[in-house]
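Heads up: the structure comes next, in structure tokens.
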Amino acid sequence: MYLTIGEGEDRRQIRFLHGTEDDWEDAMALAWRVFQRYDAKDYPPRGAESFLEFISGQDLKRMFMVGRYRLFVAKDGETMVGLISVRESNHLSLLFVDEKYHGLGVGRALMECVKDYLWDREEYPLENEAEKILDLLYVKEPDHYVTVFAAPGAVTFYKKLGFRQIGAQEETDGIIYVPMMLEEK
């Protein structure tokens with residue numbers, strides 16, 4: 001899948017791919033940078049610590065390596081500019097876009113990649129052997145919905161994508177979130 005951005009000589013295509021082991025460190029570094037810039041201010045200090053522990057811990061990477069945690073990335077050339085991940089078959093875990101790419105449709109396109117993948121649409125082809133192996137390991141649920149624990153600052157974005165709030169704002173280990181769900185129509 002591709003998204004064309006820019007005009008004239010600045011026109012280029014953003015590629016959307018299944019993340020591989022080679023993408024992991026860049027993806028988590030991007031998540032941390034964007035979190036610090038946009039989300040950390042809304043959390044108590046323990047929240048930022050919890051988030052960093054989550055993305056840098058070995059448990060998450062281990063889940064990814066055995067196919068229980070899916071990662072999709074957006075790349076401008078070889079530069080990673082966005083990521084989205086799925087755990088527990090249909091729960092969004094991370095969605096971050098580099099600030100230089102905000103407002104260009106990268107976040108929306110990443111969400112479309114996840115929907116295409118989880119809802120077994122044909123628009124999202126696997127491009128290489130590493131992606132095919134990860135796909136075989138990942139367990140998809142037949143239910144056609146996606147949930148997310150949205151950061152307070154991201155609720156409006158998710159609502160624009162069609163998500164609805166399914167619970168009150170909560171806090172766990174300093175992480176503040178709003179439970180939301182998107183159902184296939």
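FYI, it's all coordinate maths here, none of it is from the lab. No experiment lies behind these values; they were computed from the predicted model shown. Neighbour counts run over all protein chains shown; Cβ positions are idealised from the backbone, glycine included.
Determine the dipole magnitude for the chain: charges of +1 sit on the beta-carbon of Lys and Arg, -1 on that of Asp and Glu, nothing else is charged, the reference point is the Cα centre, and the result goes in debye to the nearest 20.
Details: 23 positive and 34 negative charges, 96 e Å.
Dipole size: approximately 460 debye.
With every atom except the alpha carbons ignored, what do you get for Rg and Dmax of the chain, in angstroms?
When restricted to the Cα atoms of the chain, Rg and Dmax are 15.8, 47 Å.
Counting other Cβ atoms within 10 Å, which chymotrypsin sites (Phe, Trp or Tyr not before Pro) in region 1-61 have at most 13 and lie in a DSSP loop?
Details: sites: Tyr2, Phe16, Trp24, Trp32, Phe35, Tyr38, Phe51, Phe54; in loops: none.
Of the chymotrypsin sites (Phe, Trp or Tyr not before Pro), not one in the loops of region 1-61 has a Cβ with at most 13 other Cβ atoms within 10 Å.
Can you list the GluC sites (Glu not before Pro) in region 1-48 that are in a DSSP coil and have 14 or fewer other beta carbons within 10 angstrom?
When the GluC sites (Glu not before Pro) of region 1-48 are filtered for loop state and at most 14 Cβ neighbours within 10 Å, Glu7 remain.
Can you list residues from other chains, or at least 5 along the same chain, whose modelled amide H is less than 5 Å from the amide H of Gly19?
When sequence neighbours closer than 5 places are left aside, the close amide H contacts are Leu71, Phe72, Val73.
Give me the net charge for the shell around Ala48: Cβ to Cβ below 14 angstrom, other residues only, Lys and Arg +1, Asp and Glu -1. Mind dumping the intermediate values first?
Working: positive: Arg33, Arg37, Lys41, Arg46; negative: Asp39, Asp42, Glu49, Glu53, Glu171, Asp173.
Once positives and negatives cancel, what remains is -2.
Pick out, from Tyr101, Gln13, Phe149, the residue whose Cα sits farthest towards the positive end of the charge dipole of the chain, with +1 on the Cβ of Lys and Arg and -1 on the Cβ of Asp and Glu.
Phe149
When only Cα pairs under 8 Å and 6 or more residues apart are kept, what is the percent relative contact order across region 1-107?
Numbers: 145 pairs, mean separation 30.1, N = 107.
Once divided by the residue count of region 1-107, the mean separation gives 28 percent.
Taking θ = phi - 60°, what integer Hz values does the Karplus form 6.51 cos²θ - 1.76 cosθ + 1.60 yield along region 98-110, in sequence order, with x for Gly and Pro?
3, 4, 5, 10, 5, x, 9, x, 5, x, 4, 5, 4
Calculate, for Ser89 and Lys159, the FRET efficiency according to 1/(1 + (r/R0)^6) with r their C-beta to C-beta distance and R0 25 Å; round to the nearest 0.05.
0.60
Whose amide H sits under 5 Å from the amide H of Tyr145, counting only residues 5 or more places off or on another chain, with H placed in the peptide plane?
Residues meeting the criterion, in which the H sits 1.01 Å from N, are Glu184.
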